[in-house]
1. Among (1) more than 23 Å from T253 (Cα to Cα); (2) open to solvent by less than 60 Å² (accessible area, probe 1.4 Å); (3) touching a residue at least 12 places away in the same chain (Cβ under 8 Å); (4) not in a loop (DSSP other than H, G, I, E, B), where does S184 come up short?
2. Quick test of your reading of the structure: V164 fulfils all but one of (1) in contact (Cβ under 8 Å) with a residue 24 or more places away in the chain; (2) closer than 28 Å to I8 by Cα. Name the failing condition by number.
3. Those residues that are part of a helix (DSSP H, G or I) and within 16 Å of N12 (Cα to Cα), I need them from the range 49-75; list them, please.
4. Out of the range 114-126, which residues are out of contact with any Pro (no Cβ under 9 Å at 6 or more places or on another chain) and surrounded by 18 or more Cβ atoms within 10 Å (Cβ to Cβ)?
5. Taking the condition surrounded by 14 or more Cβ atoms within 10 Å (Cβ to Cβ) and on the phi < 0 side of the Ramachandran plot, does I144 pass?
6. If you go through the range 147-181 one residue at a time, how many are assigned to a loop (DSSP other than H, G, I, E, B) and either open to solvent by less than 40 Å² (accessible area, probe 1.4 Å) or touching a Cys at 6+ places or on another chain (Cβ under 6 Å) (or both)?
7. Can you confirm whether T228 is more than 11 Å from the ligand (Cβ to nearest atom), among the hydroxyl-bearing types (S, T, Y) and open to solvent by 20 Å² or more (accessible area, probe 1.4 Å)?
Amino acid sequence: MPGNPNEIKLVNNAMSNATRRKIMNFLSTGDKSIEKIEGEVGKTMLDFHLKLLQQASLIEIGESTVKLSEYGKNFLKEKEDKSADKNADLSQAKPIEITEVRQLLPCIANPSKFRVIANMAPPLGGTLKVFEPLFPRGRYSDKIKALIMQKGEIITTIYGSGKVTMTMIKNEDEAREALDNLRSIINKAIAKGVAPAPREKVRVEYMELYKYLPQTNCRECGEQSCYTFAIKLMGGETSLDKCAPLKEPKYATNQEHLQVLSAYI
Ligand code: SF4
């Protein structure tokens, strides 16, 4: 049964796709034959979707039927309980704007980079905690009443008061783009009016990224080896689309795993 972070990632990956969620919901009404599942979700890549659900221990595939595993049943039940338990809704929250970028100071850790202080209005106050699941490497601190996020080497902190700080920024353009991205993610959640679903916290290691790369060291990505590529991917210095071989059909599962893992970097 999934319990450790790597297994949780497999489950998150399996449930990140709409077709696979549909299969899970369909199976929640009882065991089904492959033909019935095909009738419900279509034939396209059905084997692939079933394989990922099976790898995540969410389903069991028999000779003639497919059924939810015990873990799969518990997983769906927990998910239902959590959504019924939602204690924060965003129906009263107003869309936010970044009103000003007040200072661009040299970073203490690296003087060639900058530290930015901006302002978000209206302030999100205690509602800020609700947004934590939107950011893969986000953590709400009750102590300082702030949401702290990391993307590559940039660390962003949003305070309940509306103050926003960003460190390790290259220049003002990068700051504005990052702030605009932040605004758009938060406003999309506010437009939906409900709290985003809780998300498992997982830590990605570069060896894990390496595991899913083709490991041919072909250098098409411009790096010396797949190992170097994994390290740069981890540091936000390259992107998955630079690895052309990954687009080959035989690496479809690896590519999907890597896409999910990259979301946690
Ligand atoms: S292009 Fe992909 S397979 Fe080739 S070296 Fe880079 S990471 Fe490895």
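1. Among (1) more than 23 Å from T253 (Cα to Cα); (2) open to solvent by less than 60 Å² (accessible area, probe 1.4 Å); (3) touching a residue at least 12 places away in the same chain (Cβ under 8 Å); (4) not in a loop (DSSP other than H, G, I, E, B), S184 violates only (3).
2. Only one criterion in (1) in contact (Cβ under 8 Å) with a residue 24 or more places away in the chain; (2) closer than 28 Å to I8 by Cα is unmet by V164, namely (2).
3. Residues of the range 49-75 part of a helix (DSSP H, G or I): 49-55, 70-75.
Scanning the range 49-75 gives H49, L50, K51, L52, L53, Q54, Q55, Y71, G72, K73, N74, F75.
4. V116, A118, M120, L124
5. It is false that I144 is surrounded by 14 or more Cβ atoms within 10 Å (Cβ to Cβ) and on the phi < 0 side of the Ramachandran plot.
6. The total comes to 3.
7. Here the answer is no, as T228 does not meet what is asked.
To keep it simple, each residue is scored yes or no on (1) away from the ligand (no atom under 16 Å from the Cβ); (2) within 19 Å of the chain's Cα centre (by Cα); (3) not aromatic (F, W, Y).
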position: P196; (1), (2), (3): yes, yes, yes
position: R219; (1), (2), (3): no, no, yes
position: G236; (1), (2), (3): no, yes, yes
position: L240; (1), (2), (3): no, yes, yes
position: K247; (1), (2), (3): no, no, yes
position: T253; (1), (2), (3): no, yes, yes
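The values are calculated or read from the model by the stated rules, or taken from the named source; none is laboratory data. Note that the structure is predicted; figures quoted are calculated from it, not measured. Please note: Cβ atoms are built from the backbone with ideal geometry, for glycine as well, and neighbour counts cover all protein chains shown. Heads up: the accessible areas ignore ligands, DNA and RNA and are worked out on the full protein's heavy atoms, side chains in. Shrake-Rupley method; radii C 1.70, N 1.55, O 1.52, S 1.80 Å.
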